[in-house]
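What follows is a short report on a single structure.
The values are calculated or read from the model by the stated rules, or taken from the named source; none is laboratory data. What you are looking at is a predicted structure, and each value in this text was computed from that prediction instead of being measured. Cβ placement follows ideal geometry from the backbone for every residue including glycine, while neighbour counts extend to all protein chains displayed.
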Amino acid sequence: MQPGEALLLYPCRTVHTFFMRFPVDVVFLSGKGEAVRIEKGVPPWRMVGPERRACAVLELPAGTVDRAEIGVGQVLIGGPRSPRGRLEEKGQVLVEFALALPLFLLFVFGIFSAGYWGLGSMFVQDAAYEAARRYAVTLDPDRAASYAMHPISRWGCVFLDPSTCRVEVDYSREAGKAHARVAVEPRIKDFYIFRMPQIRREASCVLEYRFRHPEEFVGL
C-alpha cells in the first residue's frame, strides 16, 4: 500500500493482517462515515475487532492517522447511509448470526453430553464398588449383582438404562481382593451429533470372606 492510498472494506467489523508484510492504520467507520475506533500501526499477523458500532473499515499506510490528524468522531467519507446500506448491514448481522448459531449449539450440546455421561459414570462407579464390597463378604455373584443395581435403578436410572447392566465379579486368592466390573448403556445414546459410549467401571475390595471362612483357604 503506497502513501496516499487506502483500502475501504464494507460491510466489515473485523479485520486481520495475516500474510501482510507491513503495518497499517485501521479506522472503524459508522454508517455515517464517522470514525468510531482507531488502531494505529497494526503489525502483521494480528486481528482487530469486532467493533459493533462499525459497518466499514478503512485501512491506511502506517502513520497516516497521525499525519492527517484523524480522530474519533471525525467524518471521513460520505454522509448518511441509504436505506439499501442499512438493509445490507442488517443482512450481514443475520448472516453472522446464522453462522455462529450452529457453532454455539454444538458447544452447548457437547457440554450437555459430557456432563450427562459423566454423571452416569459416577453411578456406575458406585455400583462397581457396591458389587465388589458385597462379593468380598459373601462370594455370591448374584447378591453382588443385586447390590450393584441399587444405585443404578434408583437415581442412576435418569442417566442409565438398568436393563443393560452387566456385572462381573471374581477374586484373587494371592492378592486377597475381590474385583467387580460393571458395564451399562447410557439412557440417551445419541444426542445431536454426539454418540455416548457404554460406561464401564471397575472396583476392588479386600476379600473379607477369607477372614470369615479361613478353613476354605487352608493350603492356599
Selection within region 113-134 - touching a Phe, Trp or Tyr at 6+ places or on another chain (Cβ under 7 Å) and either surrounded by 19 or more Cβ atoms within 10 Å (Cβ to Cβ) or among the basic types (Lys, Arg) (or both):
113, 120, 123, 130, 131, 134
Considering residues that are in contact with a strand residue (DSSP E or B) (Cβ under 7 Å, 6 or more places away or on another chain) and small (Gly, Ala, Ser), the number found within region 92-145 is 11
Specify which of the listed residues (146, 204, 121) is modelled with pLDDT of 90 or more, part of a strand (DSSP E or B) and among the hydroxyl-bearing types (Ser, Thr, Tyr).
204
From the list 34, 59, which one is within 36 Å of the chain's Cα centre (by Cα) and not small (Gly, Ala, Ser)?
59
Only one of these conditions is not met by residue 33: (1) farther than 30 Å from residue 185 by Cβ; (2) at pLDDT 85 or above; (3) surrounded by fewer than 17 Cβ atoms within 10 Å (Cβ to Cβ); (4) not polar (S, T, N, Q). Which number is it?
(3)
Taking region 33-60 and keeping only residues that are closer than 18 Å to residue 96 by Cβ, in contact (Cβ under 8 Å) with a residue 40 or more places away in the chain and either among the polar types (S, T, N, Q) or part of a loop (DSSP other than H, G, I, E, B) (or both), one is left with 54, 55
Any idea which residue in region 165-189 is nearest to the chain's Cα centre (by Cα), counting only those that are outside any strand (DSSP E or B) and more than 22 Å from residue 112 (Cα to Cα)?
165
Number of positions in region 1-28 that are charged (D, E, K, R), modelled with pLDDT under 90 and under 14 Å from residue 40 (Cα atoms):
0
